[in-house]
Amino acid sequence: MRALQEGNADYAAVKVIRVDWTVFGKKPIVKELKVPRRSTLVMFNEGKEVARVVAQTSTDAIEGLFKAALG
């Protein structure tokens, strides 16, 4: 994710928040966002979910999230 942001100014403008599963895995936010497991990435645009990947860490999958966030 960082490499994509460092290589693309548009992606660098996307705010990324990392949540530690060990700390937050059983918190209400996980249930509210329906996060099934670690390695879940959720992208929002103006407060609405626009894309999600679960257990996918490929560059292509993550880049798809950035593209969805930028609309």
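Computed from the coordinates by the stated procedures, all read-outs in this text should not be read as laboratory data. Please read all numbers here as calculations on a predicted model, not as lab measurements. Every residue, glycine as well, gets a Cβ built from its backbone with ideal geometry; the counts of neighbours run over all protein chains shown.
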Using a simple spin-label model with points 7 Å from Cα along the Cα→Cβ vector, what separation in nm is obtained for V19 and R52?
-> 1.1 nm
The chain: angle of helix 59-70 to the longest principal axis, Cα-based, in degrees nearest 10 = 80 degrees
For the chain, what is the mean residue ellipticity at 222 nm derived from helices alone (per DSSP H run of n ≥ 4: -39500 (n - 2.57); sum divided by total residues; nearest 500 deg cm²/dmol)?
-> -10000 deg cm²/dmol
